[in-house]
Amino acid sequence: MITLTVNDTVHELDLDPRTSLLDALRDHLALTGTKKGCDHGQCGACTVLVNGRRINSCLTLAIMHEGDAVTTIEGLGTPEALHPMQASFLDHDGFQCGYCTPGQIVSALGMLDEFRAGWPSHVSESLDGGTELSDEEISERMSGNICRCSAYPNIVHAIRAARD
Ligand code: FES
């Protein structure tokens, strides 16, 4: 039995210890907004926040996250209002088929927090090195999230607009 806190709700789960966080979310908690693309850490569709940091949930075991705060796409916004990042993706057509969108949105939020914290510093140093988040840097920092429809320009616009 493990205890997982997801979107501020505590769950007691009887899991095989080999269960990935992604499978725990989707198969045991019915939080299917988090998508399984590659299941190998290469596409970013499974991105969630753990204690505010973005991770590929397919690459980590659920049992490793007892005591952590996990946030999925379902934890953003409210029933009455979208989270501003969700609204910005909608306003800027930041998707086509939509499969990668939950991971893109969650990753964008984690990325902005990383940028504000100045982490990782080598990314800014290799680009403009300034305090502004350029479109080029957004693309670089979001490069772990693949969009097979190639909606990248609008994804970048959506993220920039949500930040501004
Ligand atoms: Fe986890 Fe692709 S499903 S990175």
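Throughout, read-outs are computed from the coordinates displayed, never taken from laboratory work. Fair warning: this is a prediction, and the values are worked out from it, not measured in the lab. Every residue, glycine as well, gets a Cβ built from its backbone with ideal geometry; the counts of neighbours run over all protein chains shown.
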**Study point:** residue 61 long-range amide H proximity, modeled H, under 5 Å
**Key:** 21
Point to revise | For the chain, calculated [θ]222 nm from helices alone, where every DSSP H run of n ≥ 4 adds -39500 (n - 2.57) | key: -8500 deg cm²/dmol
**Study point:** Estimated vicinal HN-Hα couplings, Hz - the stretch 105-119 in sequence order (Karplus 6.51, -1.76, 1.60; Gly, Pro = x)
**Key:** 5, 5, 5, 4, 5, x, 4, 5, 5, 4, 4, 4, 7, x, 10
Review point. How far, in nm, would the chain grow between residue 78 and residue 30 when pulled straight, counting 0.36 nm per residue and subtracting the alpha carbon separation?
Key: 15.5 nm
Check your understanding: Under a Cβ-Cβ cut-off of 13 Å, what is the net charge of the residues other than residue 163 that fall near it, where Lys and Arg count +1 and Asp and Glu count -1?
Key -> -3
Exercise for review: Pull up all non-local amide H partners of residue 11: gap of 5 or more, or a different chain, and H-to-H distance under 5 Å with H placed in the peptide plane.
Suggested key: 4, 5, 6
**Study point:** Rounded to 10°, Cα long-axis angle of helix 152-163 versus longest principal axis of the chain
**Key:** 90
Study note, to complete from the structure: So for R0 = 45 Å, FRET eff. of residue 93-residue 64 from the Cβ-Cβ r, to 0.05, ends up at 0.75
Study note, to complete from the structure: For the chain, shape from the Cα gyration tensor axes a ≥ b ≥ c, cut at a/c of 1.5 then a/b versus b/c, turns out prolate
Point to revise | Protection-proxy order for peptides 12-22, 66-76, 41-51, 100-110, each taking the mean of Cβ atoms within 10 Å per residue, highest first | key: 100-110, 41-51, 66-76, 12-22
Review point. What list of ³J(HN,Hα) values in whole Hz, one per residue of the stretch 22-29 in order, does the Karplus curve 6.51 cos²θ - 1.76 cosθ + 1.60 (θ = phi - 60°) give from phi, with Gly and Pro shown as x?
Key: 4, 5, 4, 5, 6, 8, 10, 10
Check your understanding: With each label point set 7 Å from Cα along the Cα-Cβ vector, what nm distance links residue 119 and residue 18?
Key -> 3.2
Exercise for review: With θ set to phi - 60°, apply the Karplus curve 6.51 cos²θ - 1.76 cosθ + 1.60 along the stretch 68-84 and write out the HN-Hα couplings as whole Hz, x wherever there is a Gly or Pro.
Suggested key: 8, 9, 9, 10, 10, 4, 5, x, 9, x, 9, x, 8, 8, 5, 5, x
